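Working notes for the structure below.
The values are calculated or read from the model by the stated rules, or taken from the named source; none is laboratory data. Only a predicted model underlies this, so the values are computations on that prediction, with no experimental measurement involved. Positions of Cβ are generated from backbone atoms using ideal geometry, with glycine treated the same way; all protein chains shown enter the neighbour counts. For accessibility, only protein heavy atoms count, side chains too; no ligands or nucleic acids. Shrake-Rupley method; radii C 1.70, N 1.55, O 1.52, S 1.80 Å.
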Amino acid sequence: MLPGLTEEQNEWLRSMHVAAMDELQIIKKIEKTDKLLAYKLGLATFTQAKTYLELGNFESDPRFPK
């Protein structure tokens, strides 16, 4: 967690985390036609979601793996 985050900054990080998890749901649909592309996009998006979660001070999206 970043020290000194304002409520607004923390909320922004939380919303970006949720948006990245939403994108992962869309990427799952791509997997049916292009597994390699879906893997690469998924890895990048998952990394974003994880980074936002680590930087912020909020509960993870329920879809985020434990």
Expressed as a whole-number percentage, the relative contact order of the chain with C-alpha contacts under 8 angstrom and at least six residues apart is 49 percent
Here the Cα Rg-to-2.2 N^0.38 Å ratio for the chain is 1.21
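Based on DSSP H runs of at least 4 residues, each adding -39500 (n - 2.57), what is the mean residue ellipticity at 222 nm of the chain after dividing by all its residues, to the nearest 500 deg cm²/dmol? Could you put the intermediate results ahead of the total?
Details: 2 runs with 45 residues, N = 66.
Here the helix-only value at 222 nm equals -24000 deg cm²/dmol.
Summing +1 for each Lys or Arg and -1 for each Asp or Glu, what net charge is found among the other residues whose Cβ lies under 15 Å from the Cβ of GLU54? Please report the intermediate quantities before stating the final value.
Numbers: positive: ARG14, LYS50, LYS66; negative: GLU59, ASP61.
Within the 15 Å Cβ shell, the charges total +1.
Please give the per residue accessible area of the chain, computed with a probe of 1.4 Å over protein heavy atoms only, in Å². Spell out each step's value before the answer.
Working: 4930 Å² over 66 residues.
Per-residue accessible area for the chain comes out at 75 Å².
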